[in-house]
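Readers should treat all values here as calculations from the given coordinates under stated rules, not as data from a laboratory. What you are looking at is a predicted structure, and each value in this text was computed from that prediction instead of being measured. Counting neighbours? That spans all protein chains shown, and the Cβs are built from the backbone with ideal geometry, glycine included.
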Amino acid sequence: MEFKTLLTSVAIVAFSAGVVSAQEDATLAIEGETILTSAAAPAFADNLDTVYSGWLFRKLETRALQMDDFDNPAFVFVDQGIDLFEKVDGSEGKACASCHEDVEDFAGLRPSMPRVEDGTLVTMENLVNDCRTERMGAEPWKYTGGKMTAVTALIGLQSRGMTVDVAVDGNAAPFFERGKELYYQRVGQLDMSCSNCHEDNYGTMIRADHLSQGQINGFPTYRLKNAKLNSAHARFKGCMKNIRATPFKVGGDEFKALELYLKLRISSSNIKTKSATK
Ligand code: HEC
Ligand code: HEC
């Protein structure tokens, strides 16, 4: 059987004891659709042969939750996202839905983010807040806040099953280089880089956590530990705090560059789809 795609937009992250080894042959199917969970790593990811989805590192019952939209607690927040999308806010008397009539029109957007516009790296959160401030006359939402993650999850969900494909043109090159540099830079009192954990030691246990490769294709993700949706930048911040480093600013240039670098590692233009027999 062939894996079809690499992206699952609403994913769950569980943090509880219990060792499950990364099983390459486990199959993630949601609503009857099989979702790719491993692929050959791109050449620039020097320390990895294969990229694995975080799903493979979760306990079996958590994997099962993620395969059933009814049981998946992330969907409570997606419902909140629908309400927010339809709610009038700001001086212009508009809701998102006033202009974006059908949220399904956002299909294909999440896999292409972040993207470079006029020399600036733009994230999904930037797009949402630009519409709020420039088109609705509303206050921007907090970058990693509950309203933002609810709506970005709703938008991301429209692309479930689609392949991650961030543009790798010349405009993105400086941001890619910056992201790569940050990924390998040792920081904090523990003097560690992202790579030290997520490339050198994935598959091992850190206290109660089964260490994954730190992929971001599923973000925002619901985390059992704090029972809410978490954005990618909030996760980066948590990892930096864990190594006693001063985290970069959420929504800032460093985390955006890291986001781009991590997305490029799992972009279809960079990876070769593996076929698995099962
Ligand atoms: C007054 C009309 C209007 C309102 C209200 C509005 N938008 Fe937009 N939005 C636009 C226009 C116009 C664009 C740029 C053209 C396009 O891509 O559709 C855009 C672009 C976007 C994009 C990028 C789409 C892409 O493919 O690049 C996102 C995401 C988005 N809006 C989300 C939202 C959300 C979420 C809200 C509510 C918080 C919202 N918008 C409110 C008019 C609006
Ligand atoms: C001390 C080890 C350590 C370091 C260093 C570290 N992380 Fe993590 N990270 C973890 C652990 C533990 C988890 C939770 C279990 C898992 O999914 O790997 C995690 C989770 C993640 C996740 C969520 C993965 C998923 O599937 O939900 C991302 C993304 C991530 N880290 C990115 C980063 C980035 C970017 C850096 C560098 C700024 C970094 N991490 C540094 C230990 C680390």
Restricting the search to segment 158-175, which residues are touching a helix residue (DSSP H, G or I) at 6+ places or on another chain (Cβ under 6 Å) and either of a type in the set (D, E) or within 13 Å of ligand 1 (Cβ to nearest atom) (or both)?
Q158, S159, D165
When segment 205-224 is checked residue by residue, the ones that are away from ligand 1 (no atom under 16 Å from the Cβ), in contact with a strand residue (DSSP E or B) (Cβ under 8 Å, 6 or more places away or on another chain) and either more than 21 Å from A39 (Cβ to Cβ) or among the aliphatic types (A, V, I, L, M) (or both) are L211, Y222, R223, L224
Residues that are over 19 Å from E259 (Cα atoms) and free of Cβ contacts under 8 Å to residues at least 40 places away in the same chain, drawn from segment 197-216
N201, T204, I206, R207
Which of the residues that make up segment 215-256 are part of a strand (DSSP E or B) and buried (at least 22 other Cβ atoms within 10 Å of the Cβ)?
T221, Y222, L229
Residues of segment 205-214 being in a strand (DSSP E or B) and of a type in the set (A, V, I, L, M), which ones?
M205, I206
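Looking at D69, D79, which is the one that is outside any helix (DSSP H, G or I) and within 21 Å of A150 (Cα to Cα)?
D69
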How many residues does segment 127-151 hold that are hydroxyl-bearing (S, T, Y) and near ligand 1 (Cβ under 8 Å from one of its atoms)?
0
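Residue-wise test of (1) under 30 Å from V103 (Cα atoms); (2) part of a helix (DSSP H, G or I).
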{"position": "A150", "(1), (2)": "yes, yes"}
{"position": "A153", "(1), (2)": "yes, yes"}
{"position": "G156", "(1), (2)": "yes, yes"}
{"position": "M162", "(1), (2)": "yes, no"}
{"position": "P174", "(1), (2)": "no, yes"}
{"position": "R178", "(1), (2)": "no, yes"}
{"position": "Y183", "(1), (2)": "no, yes"}
{"position": "C197", "(1), (2)": "no, yes"}
{"position": "Y202", "(1), (2)": "no, no"}
Look at segment 40-66 and say how many of its residues are within 17 Å of the chain's Cα centre (by Cα), aliphatic (A, V, I, L, M) and outside any helix (DSSP H, G or I).
1
For segment 23-39, which positions are touching a strand residue (DSSP E or B) at 6+ places or on another chain (Cβ under 6 Å) and of a type in the set (A, V, I, L, M, F, W, C)?
L28, I35, A39
What are the residues in segment 88-110 that are more than 16 Å from ligand 2 (Cβ to nearest atom), closer than 30 Å to A172 by Cβ and surrounded by 17 or more Cβ atoms within 10 Å (Cβ to Cβ), if any?
C96, V103, F106
